[in-house]
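The values are calculated or read from the model by the stated rules, or taken from the named source; none is laboratory data. As the structure is a computational prediction, the values presented were derived from the model and not from experiment. Here Cβ is always computed from backbone atoms with ideal geometry, including for glycine, and neighbour counts include all displayed protein chains.
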Amino acid sequence: MLAASVLAAAALAGCASEQSATLPPLRVPAATDDPAAAEAAEAALAAYNGYLAAAEKAEHAADPHHPELKKYLGDPLLTRVRLSIRVAKEHGAVRTGSLTSEPTITNINLDSVPMTVDIQDCLDATNYRMVYADDPDTVVPGTEVGRYLATATATRYDDGRWLISRGVAHRDQPC
């Protein structure tokens, strides 16, 4: 039960120990003629990379209210990530290691209200382990994964910030 609840709750909460996620250079879709779209893509990827790094720090510290989470996440994802970290902490589990990420933009919608950018990623969680805090050499059963597809949505909020508001780990889809 612990493994299933922790694994489900940690779906895209991407975190590790004292190392940080291996973040690639920002990749914006090939030369777009629309400067607003290029700016949105760059801001969305920056928010996504910030999300992965902030979630990693929060999971390493087992701190569901880590201050960096609010800088990069919006609801409903913010609440899901916080719940995931809290459940893991309550069960004595923390993350160690780090994720590697290869995000790309799949859609930019500047006409929607609010504006959104969809991101697809191949996350490599091979070295990103959920372990018991009191026994960091023991991996929580059922939480080991390799490379898998993840999708996320960045949303532009009224204050001008781009935050990651949705995220799904497609662990059944290797990449």
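Things worth noting here:
- Subset of region 149-165 [surrounded by 18 or more Cβ atoms within 10 Å (Cβ to Cβ) and under 15 Å from the mean Cα position of the chain (by Cα)]: ALA150, ALA152, THR153, ALA154, THR155, TRP162, LEU163, ILE164, SER165
- So LEU110, is it in contact with a His (Cβ under 6 Å, 6 or more places away or on another chain), modelled with pLDDT of 95 or more and over 16 Å from ALA54 (Cβ atoms): no
- When residues of region 85-111 are limited to those that are in contact with a Ser or Thr (Cβ under 9 Å, 6 or more places away or on another chain) and among the hydroxyl-bearing types (Ser, Thr, Tyr), the one nearest to GLY142 (Cα to Cα): THR96
- The residues listed here are ALA31, ALA3, ALA61, ALA21; of these, the one that is within 17 Å of TYR132 (Cα to Cα), at pLDDT below 95 and of a type in the set (Gly, Ala, Ser) is ALA3.
- If you check GLY97, GLY142, GLY74, GLY146 for being in contact (Cβ under 8 Å) with a residue 40 or more places away in the chain and more than 22 Å from ALA47 (Cα to Cα), only one passes: GLY142.
- Residue count for region 75-88, restricted to those that are out of contact with any helix residue (DSSP H, G or I) (no Cβ under 9 Å at 6 or more places or on another chain) and either surrounded by 22 or more Cβ atoms within 10 Å (Cβ to Cβ) or assigned to a helix (DSSP H, G or I) (or both): 1
- The sole residue among GLY146, GLY142, GLY92 that is touching a helix residue (DSSP H, G or I) at 6+ places or on another chain (Cβ under 8 Å) and either surrounded by fewer than 17 Cβ atoms within 10 Å (Cβ to Cβ) or among the basic types (Lys, Arg) (or both) is GLY142.
- Members of region 39-58 found to be touching a Pro at 6+ places or on another chain (Cβ under 9 Å) and either of a type in the set (Phe, Trp, Tyr) or at pLDDT below 95 (or both), listed by number: TYR48
- Scanning region 118-175 for residues that are acidic (Asp, Glu), in a loop (DSSP other than H, G, I, E, B) and either closer than 19 Å to LYS57 by Cβ or out of contact with any Lys or Arg (no Cβ under 8 Å at 6 or more places or on another chain) (or both) gives ASP134, ASP158, ASP159, ASP172.
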